[in-house]
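The block underneath contains the structure these notes are about, expressed in structure tokens.
The values are calculated or read from the model by the stated rules, or taken from the named source; none is laboratory data. This is a predicted model, so every value here is computed, not measured. Note that each Cβ is placed from the backbone with ideal geometry, even for glycine, and that neighbours are counted across all protein chains shown. Side chains are part of the model used for accessible areas, which takes the heavy atoms of the whole protein and leaves out ligands, DNA and RNA. Shrake-Rupley method; radii C 1.70, N 1.55, O 1.52, S 1.80 Å.
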Amino acid sequence: MLAPQITTLKSAIKIAGKVSKGNSKMPGSTFAMDSFSCNVGSKLVKVKGSTCAKCYARRIQNMRPSVNMGWSKNQIKTEQTLAIDPMLWEAAVLFQIKRMGFAEHRWLDSGDVPNVQFLASVCEVARQTPDIAHWLPTREVKILLDFVKEYGAHYIPDNLTIRVSSPMVDDKPLQAFANMAGVTTSTVHRKQTKPAGHVCPARTQNNECGSCRACWSDTVDNVSYPKH
């Protein structure tokens with residue numbers, strides 16, 4: 001089956017939602033969805049000491065109605081189009097990512113994986129952009145395990161790094177993914193706690209990634225973010 005042809009930015013956004021340029025901290029392009037639609041996150045946000053307890057994305061959505069509207073539309077369009085025609089969603093996102101021309105893309109700087117099909121389609125988008133490094137953080141462990149059961153870990157292309165986040169501050173990396181190709185982990189640590197693996201340097205360099213690309217690299221087993 002031939003992939004659908006997307007010819008305009010307007011049509012691509014209407015189909016799949018909007019791919020954005022990374023913020024002042026991150027390089028590349030990003031794709032955000034509704035943080036209030038997170039499955040696991042909506043539970044963790046109520047748990048003291050969890051990594052979602054003070055969700056920055058929800059704060060942004062509450063403070064900025066235009067952002068809330070945009071991320072909510074991305075969620076709705078993504079779920080609706082994937083349910084009907086995954087290849088159409090993939091083509092619309094591909095059009096936008098390629099048009100921006102960045103070397104890195106981050107999935108879900110807000111929101112989380114809604115279903116197995118989303119992960120499969122992200123894999124396909126990454127596969128069709130081999131010169132772009134893709135990074136997808138998630139707390140949706142069950143969805144990821146269901147995806148691996150259905151597709152196999154080998155379905156994850158080499159240029160896509162999926163990072164499974166530990167749910168609680170000062171948690172250790174989740175060991176279930178220690179030896180799974182294409183899947184890595186991340187943690188959050190307090191100042192007084194010894195971090196695991198690579199420590200995100202953003203706090204020491206004007207809250208920017210700078211030259212660091214650890215989050216996008218599957219050779220970095222765990223990235224630990226200082227609690228803020």
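Of all the accessible heavy-atom surface of segment 60-111, with the other protein chains kept in place and a 1.4 Å probe, what percent is carbon and sulfur?
Reported share for carbon and sulfur atoms: 57 percent.
When only the heavy atoms of the protein chains count and the probe is 1.4 Å, how do Asp109, Asp171, Asp221 rank by accessible area, highest first?
Final ranking, largest accessible area leading: Asp221, Asp171, Asp109.
Residue farthest toward the positive end of the dipole of segment 50-138, with Cβ of Lys/Arg at +1 and Asp/Glu at -1: which of Ser66, Ser110, Ala126?
Ser66
Give me the net charge for the shell around Thr7: Cβ to Cβ below 15 angstrom, other residues only, Lys and Arg +1, Asp and Glu -1.
With Lys, Arg at +1 and Asp, Glu at -1, the neighbours total +4.
How much length is gained on full extension from Ala178 to Leu9, taking 0.36 nm per residue of separation minus their Cα-Cα distance?
Result for the pair: 56.9 nm of gain on full extension.
If the limit is 24 Å between Cα atoms, which of Lys25/Lys149; Lys25/Lys46; Lys48/Lys172 go over it?
Lys25/Lys149; Lys25/Lys46
Given the pairs Lys21/Lys73; Lys21/Lys194; Lys77/Lys142; Lys43/Lys73; Lys54/Lys98, which span a C-alpha to C-alpha distance of over 26 angstrom in this model?
Lys21/Lys194; Lys54/Lys98
Using a 1.4 Å probe on the protein heavy atoms only, what accessible surface does Arg59 show? Give it in Å² to the nearest 10.
120 Å²
Could you tell me which trypsin sites (Lys or Arg not before Pro) in segment 116-193 are loop residues by DSSP with no more than 13 other beta carbons within 10 angstrom of their beta carbon?
Of the trypsin sites (Lys or Arg not before Pro), the ones in loops of segment 116-193 whose Cβ has at most 13 other Cβ atoms within 10 Å are Arg190, Lys191.
What net charge is computed for the residues neighbouring Thr30, neighbours being all others with C-beta under 11 Å from the C-beta of Thr30, Lys and Arg scored +1, Asp and Glu -1?
So the surrounding residues net to +2.
Given the whole protein assembly as supplied and a 1.4 Å probe, what does the accessible area of Lys18 come to in Å², nearest 10?
In the full protein context, Lys18 sits at about 110 Å².
Among Asp170, Asp146, Asp218, whose mean-square fluctuation peaks in a Gaussian network model of the chain (Cα, cutoff 10 Å)?
Asp146
Tally Lys and Arg at +1 and Asp and Glu at -1 over the other residues with C-beta under 10 Å from the C-beta of Ser50: what net charge comes out?
+4
Would you be so kind as to identify all helices of the chain, as entire DSSP H runs, whose Cα atoms reach 18 Å or more along the helix's own axis and whose mean Kyte-Doolittle hydropathy is at least 0.0?
Length and hydropathy pass: 86-100.
At 1.4 Å probe size, what's the solvent-accessible area of His189? Round to the nearest 10 Å².
20 Å²
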